[in-house]
Amino acid sequence: RCIIRLGQTANVPGLVLETDITIDFDDSIIEDKAVDLDNDFRMLAAGVIGTDEFRAKWLGETIEQARERLPEQKTDIIL
């Protein structure tokens with residue numbers, strides 16, 4: 001209700017103080033996205049996850065979109 005009152009003070013339209021408010025706590029813990037990204041980079045480098053999975057997770061793509069957008073891998077190796 002305090003946030004609604006602050007919004008009303010700032011003249012934010014559509015805020016009603018008598019609104020039902022529910023808070024739904026889940027059992028997850030707060031995690032640092034930088035740590036998650038670093039962990040996923042490590043799993044990608046180790047071959048645990050694929051580039052398509054990495055793209056889907058971090059770029060918000062579907063797995064199909066991620067596969068379509070992967071650059072083609074070169075098959076010719078020059079030594």
* **Axial C-alpha extent at least 18 Å, average Kyte-Doolittle at least 1.6 - helices from the chain (DSSP)** => none
* To do: Based on the mean of other Cβ atoms within 10 Å per residue, sort peptides 52-58, 30-36 so the most packed one is first.
  => 52-58, 30-36
* Could you order peptides 11-18, 44-51 by the average number of other Cβ atoms within 10 Å of their residues, highest first? => 44-51, 11-18
* Go ahead and run the numbers for FRET between A46 and V12, Cβ-Cβ distance against an R0 of 30 Å, rounding to 0.05. => 0.05
* **Probe 1.4 Å, protein heavy atoms only - accessible area per residue of the chain in square angstrom** => 94 Å²
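The values are calculated or read from the model by the stated rules, or taken from the named source; none is laboratory data. Keep in mind the model is a prediction, meaning the values are calculated, not measured. Don't worry about glycine lacking a Cβ; one is built from the backbone with ideal geometry, like all the others, and counts go over all protein chains shown. Heads up: the accessible areas ignore ligands, DNA and RNA and are worked out on the full protein's heavy atoms, side chains in. Shrake-Rupley method; radii C 1.70, N 1.55, O 1.52, S 1.80 Å.
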